[in-house]
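What follows is one structure encoded as structure tokens, with my remarks underneath.
What follows is calculated from the coordinates using simple rules that are stated; it is not laboratory data. All of these numbers come straight from a predicted model, not from anything done at the bench. Cβ atoms come from the backbone with ideal geometry, glycine included; neighbour counts cover every protein chain shown.
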Amino acid sequence: MTQYEHSLIAMKRLLDAVHENHWAQWIATDIEQWRAAEDTSHHLSAYGGMGSFNDVIICRGNQHSVTEITEAWANTLFEWLKSVCYFLANHPNDSFTPETLANRVGRHDSSLAAFVGGDRAPASMRGYATEPVKLQGWRCLQCGQSEVTNRDIEYLMAQDLIPDMVFSACGSQSLDKLVDKVLASDVTGADETRKMLAAAAVASDILLITRDAWNWKCPHCDSDDTAVYRWVLRLDNECRFEPSTDNLPLRR
Ligand SMILES: [Zn+2]
């Protein structure tokens, strides 16, 4: 089986499992057309226009079958699997090593390609992002109160771990098994990493909270001057989060 067909089968498995029925049916047609005529045009046509495959976000808010914990993993797996499917649709008879995939498959390739000239986007916007994965949460810009949810921690872990897992499983044609593992929260080392990140948040005065809605008013000082805020993990003497350089400044 080609890596292209294998990646489509894994994608269909993921979409079926989270009950994304429209796109599961679309991918089923892609598989049929590939088997019948080695035709990739139906799959490639998924990426353009309004309401395209690029606009799908797997989350509870979209009535997908995921939990608070698996949502971040399922959506991150979806994004990288989509990037691999898109890449392989452009090289459908070729076979690639995990290392080559890591160098050539970029998270944003499919959405860039949907724009005119997107294929010629600068290299810095393509390929496998080399900058560190960030923890994204909430901050009051008045008093500096910082909060992240369990979901934010799961996203950080998923974004750090999923790309290599996808490239490796694509190389060994075991993407279907990876889909099952990720949806079952069966990721090696995840529990230890989760505890380490929670401890790093505490050590960095970031409150780990359970909340679904956005905090418009700061629970500490009542200001409504709040923003999305990002941190990077520093692994020096002790594990800590430091503000990344792309945040709005604090007002004090
Ligand atoms: Zn505040």
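Quick notes on this structure:
- Neighbour-count ranking [beta-carbon atoms within 10 angstrom, fewest first] of 175, 101: 101, 175
- Alpha-carbon Rg with Dmax, taken over the range 3-191, Å: 16.8, 62
- Residue 133 paired with residue 36, simple spin-label distance in nm, labels 7 Å along Cα-to-beta-carbon: 3.9
- Point-to-point label distance, residue 174-residue 93, nm (Cα→Cβ direction, 7 Å offset): 3.0
- Note on the range 3-191: with charges restricted to the Cβ of Lys and Arg (+1) and Asp and Glu (-1), its dipole about the Cα centre is near 320 debye.
- A straight line joining the Cα centroids of the range 59-91 and the range 1-17 runs 12 Å.
- Antiparallel bridges, percent of DSSP beta bridges restricted to the chain (to nearest 5): 75
- Counting other Cβ atoms within 10 Å as a rough exposure proxy, the listed residues 56, 133 run 133, 56 from fewest neighbours to most.
- Within the range 142-164, backbone nitrogen closer than 18 Å to the virtual label 7 Å beyond the Cα of residue 198 toward Cβ: 147-158
- Positive end of the dipole of the range 3-191 (Cβ unit charges, origin at the Cα centre): among 142, 15, 64, the Cα lying farthest that way belongs to 142.
- In terms of distances greater than 22 angstrom between alpha carbons, the cross-link table entries 134/195; 134/217; 82/195; 12/181; 134/177; 134/181 yield 134/217; 82/195; 134/177; 134/181.
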